[in-house]
1. Out of everything in segment A:384-403 that is of a type in the set (Gly, Ala, Ser) and within 7 Å of another protein chain (Cβ to nearest Cβ), what residue ends up being farthest from A:Met438 (Cα to Cα)?
2. Inside segment B:109-124, can you point out the residues that are within 10 Å of chain A (Cβ to nearest Cβ), without any contact (Cβ under 8 Å) to a residue 24 or more places away in the chain and of a type in the set (D, E, K, R)?
3. Being closer than 24 Å to A:Val80 by Cα and either β-branched (Val, Ile, Thr) or crowded, with 20+ Cβ neighbours inside 10 Å (or both) is the filter here; which residues of segment A:108-135 pass it?
4. Can you run down the residue pairs with Cβ atoms below 8 Å, 6 or more apart or on separate chains, where the first is in segment B:33-51 and within 14 Å of another protein chain (Cβ to nearest Cβ) and the partner is near ligand 2 (Cβ under 10 Å from one of its atoms) and among the aliphatic types (A, V, I, L, M)?
5. Looking only at segment B:135-186, which residues are within 13 Å of chain A (Cβ to nearest Cβ), within 16 Å of ligand 1 (Cβ to nearest atom) and in a helix (DSSP H, G or I)?
6. Take the residues in segment B:82-92 that are in a loop (DSSP other than H, G, I, E, B) and within 11 Å of the chain's Cα centre (by Cα); name whichever of them is farthest from ligand 1 (Cβ to nearest atom).
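The values are calculated or read from the model by the stated rules, or taken from the named source; none is laboratory data. Given the structure is predicted, the values throughout are model-derived calculations rather than measurements. Positions of Cβ are backbone-derived with ideal geometry, glycine not excepted, and every protein chain shown enters the neighbour counts.
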Amino acid sequence: MPTLLPAPASASPAWLAALAAAGAAQFAAAGLPGRRSESWKYTNLETFGGIAFVPAVSCALTRAEAEAFFIPGLDAVNLVFVNGVFRPDISDEAAGLGAGIVCCPLSEAIAKHGALVEPHLGRLSAPAITREGEAFTALNQAALGGAQSGGFFLHVPAGAAAGKPVHLLSVSTREGGVFASHGRNLITAGSGARASFIEHYVTTDDAAAATPSVYLHNCITEIVAGQDAKVEHYLLEKDSVCAYNFSSLFIEQAEKSDVHSHTVLLGGKLVRNNVAPTLKGTAAHCLINGLYVGRGSQLLDNAMRVHHGAPGCFSRQYYKGILCDASRGVFSGRIIVDQAAQKTDAIQQSRSMLLSDDARVNTRPQLEIYADDVRCTHGATTGKVDEEAVFYFRSRGIPEAIARAMLVYAFAAEGFDRMELEPVRKLLAREMIARLPMAASLSIEV
Amino acid sequence: MTPLLQIDNLHASVGEVSILKGINLTINPGEVHAIMGPNGSGKSTLSQILAGKEDYAITQGTVAYNGKDLLGLGPDERANEGIFLAFQYPVEIPGVSAMQFLKAAVNAKRKHHGEEELDAGSMLKLFREKAAQVKINPEMLKRNVNEGFSGGEKKRFEIFQMAVLDSVLGILDESDSGLDIDALKVVSDGVNSMRNGKRGFLLVTHYQRLLEHIVPDFIHVLVKGRIVESGGREVALELEKNGYAKYGIYQPAKH
Ligand SMILES: Nc1ncnc2c1ncn2[C@@H]1O[C@H](COP(=O)(O)OP(=O)(O)OP(=O)(O)O)[C@@H](O)[C@H]1O
Ligand SMILES: [Mg+2]
C-alpha cells in the first residue's frame, strides 16, 4: 500500500519541525482509520488507501481561468491556489486589508511573524492527533513546513476589521496529476476583531469529464477568536467527482466571541468535513450551518465536535442533506459539555431529504454532558419531497420538475439565509439548484 | 354549444375500494353547479380527480373539458387550460413564499400559452388588483404559502389564487367551511365577480348558507359515489331541514 506521508521536509524553525515529526510519528503508528474505527463507521477508506498520491506535477493556470471561479459580486481578496500550490502571480494583493492586519502565506508568516504564529499554529489541532479517527489531522501536521502544506495566515488585531473577505480559491486541474495537498490555514482574531474567510474548492474538470481527476485535499484551518471577536468561515466544496476532500476546522472561542461556520458540500467522491469548536470563554456564540448535496455515488460525511468548556455559551448546529441517486450522507454530531459549562444552550439539528430510493443517510447524535443545568437538544429527520405539496404546485399550473426543484430549494433555503455574505449565498443557491436532478430549464429566483 | 365540463359514467377507486360509482354531470359555460352530500360520499375525490390527482384509478367513464379528453392531461396542463381546484385542505409549503409561488404559477400559465413572462412590475400590479378584489392583505404574499394561515385565510387565499390565475372552471371544495360571516361574503363576492357567460363553477358545500350568496343553477346530491338527486334551490332547503335520511344514510346527531 502506498504511503500517504509526504517526504520529511527539513522544516524550520525547530518548533515547526517538532510538530511535523509528531504528526508523522502518530500517522505511522495509527495508520488510516479502518473498518472498526468508530468515527469512520459509515465511511470506508479501503479504495482510498490504495491510491498513490504525489506532489502536484503542474500548477499552471491563467488569471482569467481563475477569475471564472471568483464569486460574482463579492469584493474579496482572491488568493488562488492551483493543485494546492499558492500562485501569487494570479492572486490579488493580500496586503492592505487594514492597519495591523497580516494576510500572507503561512510559510511567509512563520518566517516573518513568528511571534504571532508560533503560539497558535497546531495549538488546537495537535492535541487532536491522538484521538481516535484523526489520522488525517496527524497527516496534515506531518506535512507542515513542506511543499504540500500551502495555506494562509490571517491575523486581525484587537479592534480591527478586515476590510474585505479573504477568498482562498483552491483550483484543481487534471494537469496536477494524482496530487495530495495538505493545506493549512491559521486565523487569529484579537478582541473585538472581525473577519470573513472563504475556502473554496473547485475543479477545471467539466461536469461531463469521461475520467474525472483524482486528487486529495486534506486541509486544516484553525481559528482563534478573541473576546468579542466575530469571525465568519465558509467552506464551499465543489471538487471533481473522483476527488477526496478531508477538511477540518478547529475553532477556539474566547468570551462573547461569535463564530459562524458555513459548509456547503457539492462535489467530491468522498468528503469528510470536521468542525470542532471549543467554547472556552463564557457567553461565546457558535453557529455551524451546513448543507450537502450528494449525487451519483458520492459520500459526504460530516463530523461535528462541539465542546462547551465555559458557562453560558450558545451553540447551534443546523445541517441539511439532499441526497440523490445512490449517494450517502453521514452526520455525526458530538456535543461535549464540561462540568463547568453550566447554562449551556446547545441545539443540534440534522435534516435530510432523500430524492431517490437508493440514497441513504446515517445520523448519530452523541451527547456527553457533565453539567446539570444545561439545555441541550438534538433532532434528526429524514424525508422525501412532500407529494401533497407537489400536487398543490401542479394544480396551480407549475410543471412537476419546477415544483420539485422549488420544494427542494425551499428545504435548503434557510441554510443560505444564515449566510451573511449575499454574493456567496446567491452563488451557492444557483449552484445547488443546478445540481438537482430536475434542474433542466429551471429558473428560481434566489 | 360544447359543454365546459362533461362527466360521463365516471368510476374511480383506490386499491380495492371503489369510491365513485358512475358520476354523470354536465356543466355548460356560465353555469354554477353545487354538490352536496354526506361526509365520505366522494365529493373531494371527484374534485381532486378533476384537478388531476393521480392517486385514484379511473376504472370506467370519460371526462371532457371544452369537448376534449381531460383525463389524459397532467394536473399542471389542466390548470394552465383554466381548471382551478380550491382545496378543502390547502397545503402548507414551508420555505416558499406566496409571492414566489404565484409568480411561478402565473409564468407557467403564460409559458403554456406561448406568452412572455410577466415583468415584476406588472406581476405586482396584478397581485394588488386581485388582492383588493378578494379583500386580502397583500402583506400576506410575503408569508410562506398557507403556513400559519388561519382556516379562513387559507380559504381566502385559494380564491385569491383563482382570481390571479383567471380560471375558467372553478371547483371549490368546501371553500365556505370555517369562514366567518364577513369572510363568507368575501369569498362569495369573489366568485360572483368572476361569474360570466364563459366561466363555470362547481361548488362543494355542506351548507345551504353559501348558496344564498352564490346562487347556483343546479344542485346535485352525491351519496356513496353516485349523484342521487339533481334540482334547483329546493333540494338544498330540503336537505337543510331533513338531512340525508331519505337517502338511507345514517347521520350522526347534530351537536
Ligand atoms: N387516497 C385515498 N385512499 C383511501 N381512501 C380514500 C382516498 N381518498 C378518499 N378515500 C375514501 O373515499 C371516501 C370519499 O372521500 P372524500 O374525501 O371524497 O369524501 P367527501 O365527500 O369529500 O367527504 P367530506 O364531506 O368529509 O369532505 C372516503 O371513505 C375516504 O376515506
Ligand atoms: Mg371533502
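1. A:Ser395
2. Residues satisfying the conditions are B:Arg110, B:Lys111, B:Glu117.
3. Scanning segment A:108-135 gives A:Ala109, A:Ile110, A:Val117, A:Leu121, A:Gly122.
4. Sorted first by the residue in segment B:33-51, then by its partner, the pairs are B:Ser44/B:Val204; B:Ser47/B:Val204.
5. B:Lys154, B:Glu158
6. Among them, the one singled out is B:Phe87.
For every residue, the table says whether it meets (1) within 18 Å of A:Ala128 (Cβ to Cβ); (2) among the basic types (Lys, Arg); (3) in contact with a Pro (Cβ under 9 Å, 6 or more places away or on another chain).
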site	(1), (2), (3)
A:Pro8	no, no, no
A:Ala28	yes, no, no
A:Trp40	yes, no, yes
A:Thr43	yes, no, yes
A:Thr62	no, no, no
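Residue-wise test of (1) in contact (Cβ under 8 Å) with a residue 60 or more places away in the chain; (2) closer than 22 Å to A:Thr381 by Cα; (3) surrounded by fewer than 18 Cβ atoms within 10 Å (Cβ to Cβ).
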residue: A:Lys280; (1), (2), (3): no, no, no
residue: A:Cys286; (1), (2), (3): no, no, no
residue: A:Ser297; (1), (2), (3): no, yes, yes
residue: A:Ala310; (1), (2), (3): no, no, no
residue: A:Arg316; (1), (2), (3): no, yes, yes
residue: A:Ile322; (1), (2), (3): yes, yes, no
residue: A:Gly333; (1), (2), (3): no, yes, no
residue: A:Lys343; (1), (2), (3): no, no, yes
residue: A:Leu355; (1), (2), (3): yes, yes, no
